[in-house]
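K.L.:
Attaching a single structure in structure tokens format; questions to follow.
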Amino acid sequence: MAAQEIPLGYEARLLNRVEVAEDTMAFHFEKPPGFAFRPGQSSDLTLVHPPETDSEGNVRTFSIASAPFEDRLMFATRMRETAFKRSLKAMPIGTAVKVEPATGSFTLHKTSAKPAVLLAGGIGITPFFSIVKQADHERLPHKLYLFYSNRGPEDAPFLESLGNLEKSNPNFRLIPTMTEMLRSKRKWEGETGLIDKAMLSRYVNDLCGPIFYIAGPPGMVTEIRKMLLASSVNEVDIRTDEFAGY
């Protein structure tokens, strides 16, 4: 696709794609010159002349799962039976897409004295993956706690990479939890069940100290936000990013 056929935003070519969990793929694109973003931000990705389209259109908003220091852009998504997802999965390596400038304020707060508690459900891990990688790279002093909920280990994108980040960053604690282990064929010795006040309190001493970030399906975001408010967390210390219709 010639550059002049992509009139706005940036052109980025597909470098490769890889399955990162069951029914979940990560798509790696070249990072366009001049494309800047903060960890936790998102971008609109437009398919140019896709082989098929439907009523949902050719544009999707994705959190950027790569970190700013990395030399490529990565987007990860659950794969569903839509024209957009089918086209993305079948796209030949080297195909160009349009990427809009990054937007959003779901980014790590600057005051390192306040811990960050990151609460992820499923593919809601993508903004946090960027945040945690960049924090490790910059050796940020922030204390980071990542509670990461999935049905089972096979459904959890980037779980191994996050475990490695926990080993390399003494300020980062990873707490994965699985909610439907009866359906899983894998062994699991970590936390089970939904993220609740009891689970948070086992790892975070004072729930009124940190800034909380919640990303995942709308129902999960709503329930965790309610739980935090009922636990006397100040509303201004709760930030949310809903992943609807992924």
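K.L.:
Would you call Gly40 assigned by TED's automatic domain parsing to the domain that holds Arg225 and within 30 Å of Val204 (Cα to Cα)?
P.N.:
Numbers: assigned by TED's automatic domain parsing to the domain that holds Arg225: no; within 30 Å of Val204 (Cα to Cα): yes.
When the stated conditions are applied, Gly40 does not pass them.
K.L.:
Given the criteria at pLDDT 95 or above and either under 18 Å from Val20 (Cα atoms) or among the small types (Gly, Ala, Ser) (or both), does Ala83 qualify? Don't jump to the end; show me each part of the working.
P.N.:
Values: at pLDDT 95 or above: no; either under 18 Å from Val20 (Cα atoms) or among the small types (Gly, Ala, Ser) (or both): yes.
In short, no.
K.L.:
Thr179 passes all but one of (1) over 18 Å from Asp23 (Cα atoms); (2) in contact with a strand residue (DSSP E or B) (Cβ under 8 Å, 6 or more places away or on another chain); which number fails?
P.N.:
(1)
K.L.:
Could you tell me which residue of segment 216-233 is nearest to the chain's Cα centre (by Cα), considering only residues that are farther than 17 Å from Leu118 by Cβ and part of a helix (DSSP H, G or I)?
P.N.:
Per the criteria, the residue is Pro218.
K.L.:
Of all residues in segment 36-64 being among the hydrophobic types (A, V, I, L, M, F, W, C) and in a strand (DSSP E or B), which is farthest from Thr126 (Cα to Cα)?
P.N.:
Restricting to residues being among the hydrophobic types (A, V, I, L, M, F, W, C) and in a strand (DSSP E or B), the top hit is Leu47.
K.L.:
I've got another one for you. Scan segment 187-222 residue by residue and report those that are closer than 23 Å to Ser105 by Cα and free of Cβ contacts under 8 Å to residues at least 24 places away in the same chain.
P.N.:
If the condition is that a residue be closer than 23 Å to Ser105 by Cα and free of Cβ contacts under 8 Å to residues at least 24 places away in the same chain, then Gly219, Thr222 are the ones that fit.
K.L.:
With (1) crowded, with 16+ Cβ neighbours inside 10 Å; (2) polar (S, T, N, Q); (3) more than 15 Å from Ser149 (Cα to Cα) as the list, and Thr179 as the residue in question, which single condition is left unmet?
P.N.:
Failed condition: (3).
K.L.:
Among (1) among the small types (Gly, Ala, Ser); (2) touching a strand residue (DSSP E or B) at 6+ places or on another chain (Cβ under 7 Å); (3) within 21 Å of Gly124 (Cα to Cα), which single condition is Ala96 missing?
P.N.:
(3)
K.L.:
Which condition number in (1) more than 18 Å from the chain's Cα centre (by Cα); (2) surrounded by 15 or more Cβ atoms within 10 Å (Cβ to Cβ); (3) modelled with pLDDT of 95 or more is the one that Tyr213 fails?
P.N.:
(1)
K.L.:
Can you tell me how many residues in segment 184-210 are under 18 Å from Ile125 (Cα atoms) and surrounded by 19 or more Cβ atoms within 10 Å (Cβ to Cβ)?
P.N.:
2
K.L.:
Okay, moving on. When you scan segment 128-147, do you find a residue that is of a type in the set (Lys, Arg), in contact (Cβ under 8 Å) with a residue 24 or more places away in the chain, out of contact with any helix residue (DSSP H, G or I) (no Cβ under 7 Å at 6 or more places or on another chain) and buried (at least 17 other Cβ atoms within 10 Å of the Cβ), even just one?
P.N.:
Yes, because at least one residue in segment 128-147 is of a type in the set (Lys, Arg), in contact (Cβ under 8 Å) with a residue 24 or more places away in the chain, out of contact with any helix residue (DSSP H, G or I) (no Cβ under 7 Å at 6 or more places or on another chain) and buried (at least 17 other Cβ atoms within 10 Å of the Cβ).
K.L.:
How many of the residues in segment 70-80 are farther than 15 Å from Ala12 by Cα, more than 11 Å from the chain's Cα centre (by Cα) and part of a strand (DSSP E or B)?
P.N.:
Going through segment 70-80 one residue at a time, the tally reaches 1.
K.L.:
Among the residues of segment 234-245, which ones are within 18 Å of the chain's Cα centre (by Cα), surrounded by fewer than 19 Cβ atoms within 10 Å (Cβ to Cβ) and assigned to a loop (DSSP other than H, G, I, E, B)?
P.N.:
Answer for segment 234-245, where residues must be within 18 Å of the chain's Cα centre (by Cα), surrounded by fewer than 19 Cβ atoms within 10 Å (Cβ to Cβ) and assigned to a loop (DSSP other than H, G, I, E, B): Ala244, Gly245.
K.L.:
Would you mention how many residues in segment 68-80 are of a type in the set (D, E, K, R) and either modelled with pLDDT under 95 or not assigned by TED's automatic domain parsing to the domain that holds Asp54 (or both)? Full working, then the answer.
P.N.:
Filtering segment 68-80 down to residues of a type in the set (D, E, K, R) leaves 70-72, 78, 80.
Okay, now just the ones that are also either modelled with pLDDT under 95 or not assigned by TED's automatic domain parsing to the domain that holds Asp54 (or both), so 78, 80.
Matching residues across segment 68-80 total 2.
K.L.:
Given (1) of a type in the set (A, V, I, L, M, F, W, C); (2) in a loop (DSSP other than H, G, I, E, B); (3) out of contact with any Lys or Arg (no Cβ under 7 Å at 6 or more places or on another chain), where does Ala67 come up short, assuming only one miss?
P.N.:
Tallying (1) of a type in the set (A, V, I, L, M, F, W, C); (2) in a loop (DSSP other than H, G, I, E, B); (3) out of contact with any Lys or Arg (no Cβ under 7 Å at 6 or more places or on another chain), Ala67 fails exactly one: (3).
The values are calculated or read from the model by the stated rules, or taken from the named source; none is laboratory data. All figures in this text were calculated on a predicted structure; none of them were measured in a lab. Cβ coordinates were reconstructed from backbone atoms using ideal geometry, including for glycine residues, and neighbour counts include every protein chain displayed.
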